[in-house]
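The values are calculated or read from the model by the stated rules, or taken from the named source; none is laboratory data. Remember, predicted model here, so these are calculated numbers, not experimental data. FYI the Cβ positions are ideal-geometry reconstructions off the backbone, even for glycines, and counts take in every protein chain you see. For accessibility, only protein heavy atoms count, side chains too; no ligands or nucleic acids. Shrake-Rupley method; radii C 1.70, N 1.55, O 1.52, S 1.80 Å.
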Amino acid sequence: MTMHIDIITCLPRLLESPFAHSILKRAIEKDIVSVNIVDLREYATNKHKNLDDYAFGGGAGMVMMCEPLALCIESLMEHRKYDQIIYMTPDGETLNQQIANKLSLVENIMIICGHYKGIDERIRQTYITHEISIGDYVLSGGELAAAVLCDSIIRIIPGVLSDETSALTDSHQDFLLAPPVYTRPAEWNGLKVPEVLLSGHEKNIENWRLEQSIERTKTRRPDLFKKWEEGH
Ligand code: 6GU
């Protein structure tokens, strides 16, 4: 199964680079995922090709109009049945590893990037199945957030990472942060790599890493640590 992702944006070029490098590029080359960036401007209906208009009730900021978005969404829906139609918005559900894991299992995803003050509420009511934020801060638009969401989804599809188990040992995959990692040389700038990692003793190494993960999570992210404890 090839996952398919359509991303609707009024700034298509902003979304090119994230998919043209490294792991996401390789996933696309291997046909594990196909990503289609859709230029909303092509669905503009008035002579100036406007995509936004003043907000009813006044106030600063423009609102993305219903008509171009509806035309664009409907035209994509003619070709595919979407499992999720996601709107990227700072008032959505905060993205976490569990959401990414779930989304990595579906076949067709549509993502809509908002701009200005966002999209007309009626588009949200009519088409959107899931609203996602990437954290409690504001970005100029949904594009960078969409790229973050896509990266978090695509990298964990089986076959994307060369060592399939490596996604399982990521920070957050089981509510624990990842342990510290080291590479050569064994001593740098007077700092030594922990002895156990040089020992070749697999069980001890595994235990040490788990201890380090627990310690890190406890001190840096007590909120996550509580969730991990609840599962143990
Ligand atoms: Cl999804 N969009 C915008 N504009 N800002 C954000 C965000 C999304 N998530 C966090 N901040």
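Just a few scattered comments:
- Accessible surface ranking that places the most exposed of W188, W228 first, with a 1.4 angstrom probe: W188, W228
- Calculated P(r) tail over 14 Å for segment 158-205, as whole % of Cα pairs: 66
- Rolling a 1.4 Å probe over the heavy atoms of the protein chains gives the chain an accessible area of 60 Å² per residue.
- Dimensionless Rg ratio for the chain, taking C-alpha atoms and the 2.2 N^0.38 Å reference: 1.24
- Straight-line reach from K218: taking Cα to Cα under 25 Å and skipping same-chain neighbours fewer than 8 places apart, the lysines in range are K192, K203, K226, K227.
- From the largest down, segment 1-135 spans 47, 31, 27 angstrom on the principal axes of its Cα atoms.
- Note on exposure: L197, L71 ranked by accessible area (1.4 Å probe, complete protein assembly) read L71, L197, with the most exposed listed first.
- Calculated mean residue ellipticity, 222 nm, the chain: -10000 deg cm²/dmol, from DSSP H runs (n ≥ 4) at -39500 (n - 2.57) each, averaged per residue and rounded to 500.
- Length-normalised contact order of the chain in % [C-alpha pairs under 8 Å, at least 6 apart]: 19
- Full-stretch length increase - E121, D136 - with 0.36 nm per residue and alpha-carbon distance subtracted: 3.3 nm
- For segment 111-232, the fraction of C-alpha pairs farther apart than 17 angstrom is 72 percent.
- Rounded to two decimals, the Cα radius of gyration of segment 69-137 over 2.2 N^0.38 Å is 1.12.
- Protein accessible area in the chain, 1.4 Å probe - carbon and sulfur %: 51
- Additional length obtainable on full extension of the chain from T169 to T94, 0.36 nm per residue less Cα span: 24.8 nm
- Sites matching chymotrypsin sites (Phe, Trp or Tyr not before Pro) across segment 69-152 that sit in DSSP coil, with at most 14 neighbouring C-beta atoms within 10 Å: Y137
- D by Stokes-Einstein for segment 36-94, Kirkwood Rh over Cα pairs, 25 °C, 0.890 mPa s: 183 µm²/s.
- DSSP loop GluC sites (Glu not before Pro) with at most 15 other Cβ within 10 Å: longest gap in the chain: 108-232
- Accessible surface, 1.4 Å probe, highest first, among residues R220, R155, R13: R13, R220, R155
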